Amino acid sequence: MHVLNTCVRAALVSGALASAVLVAAPAAHADNPATGKGPAAAQSMAEIASTLPKVSAVDVLSLAKSQVGIRENAYGGGTKFQQWYMSTPRAQETLARDGGTLKGYLNAPWCDMFVSWVGHELGIGPVMGSDAYTVEHANWFADHGRWGRTPKPGAVVFFNWNGSKDIGDIVHVGFVVKDNGDGTIRTIEGNTGNGAVEVRTRPTWQAVGYGYPMYPGEAAASA
């Protein structure tokens, strides 16, 4: 188990950009298109995107914004994002990787479950990725050749509050709404502030890096 921190392998212990880059296959991931192993591993990300609903970054940010105000309970849980994640096959895979118990997800830090839920709801999980552990989700983007340092609307932004640029130091995640052009970005994040979905403004120096989903609607438009 890793050191406990915001939106990492968290409360499970207590509860037990090239458009044709080839998909890598992280060894710890199961035979699942969303994790990049199995039949989909022979496809490019563009090929995978071509089979999905024509969703754009605008659609993703619209859904994320519609969730603003949803708040956890006094135990740090009770959100639909945690409940959804617990019901997914991906939860069984991450339990096998990280340890803990399925029930532990119910009150675990949920910032990455929120990001994953948005991708699932729009039918683009295979290009958004799905995880409860921010470090592994960032590694997924890097393994798929979809990782960088430039804030773009719809990018998944990974944070370290001390400014580290090491993926292993990531403690939080959200969506980029816009680059404000003044050294800050506007974001939508789950499990932030007092445990809610909120719109935030963050200094770019706190961003470890950015994951770039290949949004099917944008890939189709540029084809």
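In the stretch 175-196, what count of residues is obtained for those that are within 14 Å of the chain's Cα centre (by Cα) and farther than 25 Å from SER50 by Cα?
5
Within the stretch 192-206, can one find any residue that is of a type in the set (Gly, Ala, Ser) and closer than 21 Å to TRP147 by Cα? So that I can check it myself, show each step before the final result.
The initial filter retains those residues of the stretch 192-206 that are of a type in the set (Gly, Ala, Ser), namely 193, 195-196.
Narrowing the set further to residues that are closer than 21 Å to TRP147 by Cα leaves none.
Among the residues of the stretch 192-206, not one is of a type in the set (Gly, Ala, Ser) and closer than 21 Å to TRP147 by Cα, which makes the answer no.
List, please: which pairs have Cβ atoms under 6 Å, are six or more places apart or on different chains, and start with a residue in the stretch 134-153 that is at pLDDT 95 or above and end with one that is of a type in the set (Asp, Glu) and assigned to a loop (DSSP other than H, G, I, E, B)?
Hits for this filter: HIS137/ASP131.
Condition check ((1) more than 21 Å from SER56 (Cα to Cα); (2) aromatic (Phe, Trp, Tyr); (3) touching a Pro at 6+ places or on another chain (Cβ under 6 Å)) across all residues:
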| residue | (1), (2), (3) |
| --- | --- |
| LEU106 | yes, no, no |
| TYR133 | yes, yes, no |
| ASP143 | yes, no, yes |
| ARG149 | no, no, no |
| ASN162 | yes, no, no |
| GLY174 | no, no, no |
| ARG200 | yes, no, no |
| VAL208 | yes, no, no |
| GLY211 | no, no, no |
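If I filter the stretch 86-97 for residues that are in a loop (DSSP other than H, G, I, E, B), over 19 Å from ARG200 (Cβ atoms), in contact with a Lys or Arg (Cβ under 8 Å, 6 or more places away or on another chain) and open to solvent by less than 60 Å² (accessible area, probe 1.4 Å), do I get at least one hit? Lay out the reasoning, then the answer.
Start the filter on the stretch 86-97 by keeping residues that are in a loop (DSSP other than H, G, I, E, B), which leaves 87-88.
Now narrow it down to the ones that are over 19 Å from ARG200 (Cβ atoms): 87-88.
Retained after the next criterion (residues that are in contact with a Lys or Arg (Cβ under 8 Å, 6 or more places away or on another chain)): none.
No, because not a single residue in the stretch 86-97 is in a loop (DSSP other than H, G, I, E, B), over 19 Å from ARG200 (Cβ atoms), in contact with a Lys or Arg (Cβ under 8 Å, 6 or more places away or on another chain) and open to solvent by less than 60 Å² (accessible area, probe 1.4 Å).
Just checking, which of GLY100, GLY104 is open to solvent by less than 60 Å² (accessible area, probe 1.4 Å), assigned to a helix (DSSP H, G or I) and of a type in the set (Gly, Ala, Ser)?
GLY104
Can you tell which of GLY123, GLY78 is open to solvent by 10 Å² or more (accessible area, probe 1.4 Å), part of a loop (DSSP other than H, G, I, E, B), touching a Pro at 6+ places or on another chain (Cβ under 8 Å) and not charged (D, E, K, R)?
Values: GLY78 fails: touching a Pro at 6+ places or on another chain (Cβ under 8 Å).
Result of the check over GLY123, GLY78: GLY123.
The values are calculated or read from the model by the stated rules, or taken from the named source; none is laboratory data. Remember, predicted model here, so these are calculated numbers, not experimental data. In this analysis, Cβ positions are derived from the backbone assuming ideal geometry, glycine residues included, and neighbour counts consider all displayed protein chains. The accessibility values were calculated without ligands, DNA or RNA, using every heavy atom of the protein model including side chains. Shrake-Rupley method; radii C 1.70, N 1.55, O 1.52, S 1.80 Å.
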